[in-house]
Ligand code: SAH
Ligand code: SF4
Ligand code: F3S
């Protein structure tokens, strides 16, 4: 009987893509996929280290999963991803039931490493300057959306951030391999691709920059929508803005992390842009891309963030009026530069600041969505809605969740939905949406 692999994924979309890559490696080595940890011979957690809370969750989950090992000692329990890279051998010491700790640049030979881990604990946490896995086929999850990493690592070294230490130096996949992956996704029936990288718009392969890559991806038949995340404001060239605006399949949604609205804080964070530069960029994007939806990431309570700095962030968010924002409490990450700086904002104050921003953002999101009532949106159908399976859901071009009464639509169809009601996070349609394209239609 063939062996079975179970992977649980935490963290960002790059980890989702990496898990599919690992599943591809296991598939080549003759493994089958297990849907539940209790059915697996190999249990892997693909982990995140971005905030302390992310690591706490993993420790909790490892505690739960260790019962499968106690019950069946042959089971291999492994930790992959950013927390593995961050803690290395300390993870084996702290959780002795873990058999293998494997970092993001060591997935190529993962099935072999697992075989070794059956004999003795394995630590595989060497970072590489050039590993991109460009030639490897991921085993993608079913659905309409394919995640494609186009670059790995990060060279920005923002003061708060662990990513450059756990994912290594920035490197781009060869453009030919990226386009092959987009074509392959189209051939597998995916309607949408999301190009991924920590600074995705820093992509470069020789003369091909991010703008040119978008143009080439835009020409791939069968793919209907192209998205990307996360661009860095400092890498957003005019060429890129123009490509986003003019490529028919590139969706009008940009996730543009701001982090703080105070120049003093941005400077200490080493974000390399000022609020004025950022807002000029937003104005350019909005002028070039009709119906643009903008989302962002914000950190509150960075060391030295004064009340005035916080108010500057609050004001910046109200000025830009994001469609959505992810707001985080600053979490010192050992290894990142700012972890050495004393924390000046206590937990209660962080909570006050984050709650205020979340509340105000909710109001803004609701106002923006309210304005869509009565209009029509284009929805790519994904499947039954979580709360009520008689309703189905999909994403709009702006990456908003749309929920509508299901009749005979199929996953992968594109509909025109009339917006009847909204919440800050969702658009609700009434009546029967009109079909624009079915899943079988192939676009050019
Ligand atoms: N590459 C992206 C960010 C990836 S991490 C960029 O440069 O924008 C996702 C988000 O996590 C960041 O945008 C930031 O808001 C948040 N984050 C990163 N490190 C953090 C930390 N130490 N504490 C709190 N939030 C953090
Ligand atoms: Fe982290 Fe900054 Fe790189 Fe984003 S750009 S991954 S925040 S170091
Ligand atoms: Fe987390 Fe690693 Fe992504 S730290 S956010 S999983 S790159």
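No value in this document is a laboratory result; all are computed from the given coordinates. These numbers come from a predicted model, not from an experiment.
Restricting to the chain, what percent of DSSP beta bridges are antiparallel, rounded to 5?
Numbers: 25 of 69 bridges.
Bridges in the chain are about 35 percent antiparallel.
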Using a Gaussian network model of the chain with C-alpha springs under 10 Å, which one of 264, 385, 371 is most mobile by mean-square fluctuation? 371
Just the projected area, averaged over all directions, of the convex hull on the alpha carbon atoms of segment 56-155: how many nm²? 8.1
How large is the Rg to Rh ratio of segment 333-444 when both quantities use alpha carbon positions and Rh follows Kirkwood? 1.20
So for segment 310-349, what are the equivalent ellipsoid semi-axes in whole Å, largest first, each being the square root of 5 times an eigenvalue of the Cα gyration tensor? 25, 12, 10
Short version: what are the Cα gyration tensor semi-axes of segment 142-251, square root of 5 times each eigenvalue, largest first, in whole Å? 23, 16, 12
Scattering from the C-alpha atoms of segment 182-223 alone, worked out with Debye: what is log10 I(q)/I(0) at q = 0.15, 0.21, 0.34 1/Å? -0.39, -0.71, -1.13
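Using the eigenvalues of the Cα gyration tensor, what equivalent ellipsoid semi-axes result for segment 376-441 when each is taken as the square root of five times the eigenvalue, whole Å, largest first?
So the three semi-axes of segment 376-441 are 16, 13, 11 Å.
Using only alpha carbon pairs under 8 Å that are at least six residues apart, calculate the relative contact order of the chain and give it in whole percent. Please list the in-between numbers first.
Values: 925 pairs, mean separation 45.7, N = 444.
Contact order relative to length: 10 percent.
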Need one number: convex hull volume per residue for segment 1-110, Cα atoms only, in Å³. 93
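At 0.36 nm per residue, and after removing the present C-alpha to C-alpha distance, how many nm does the segment from residue 142 to residue 126 gain when stretched out fully? Write down the numbers at each step before the final one.
Details: separation 16, 0.36 × 16 = 5.76 nm, distance 3.16 nm.
Separation in residues times 0.36 nm, less the Cα-Cα distance, equals 2.6 nm.
Calculate for the chain the 222 nm mean residue ellipticity that helices alone would give, adding -39,500 (n - 2.57) per DSSP H run of length 4 or more and normalising by residue count, nearest 500 deg cm²/dmol.
Working: 13 runs with 151 residues, N = 444.
Roughly -10500 deg cm²/dmol at 222 nm, from the helical runs in the chain.
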Along each of its three principal axes, how wide is the spread of alpha-carbon positions in the chain, in whole angstrom units, largest first? 62, 56, 47
Counting only Cα atoms, I'd like the Rg/Rh figure for segment 253-371, Kirkwood definition for Rh. 0.98
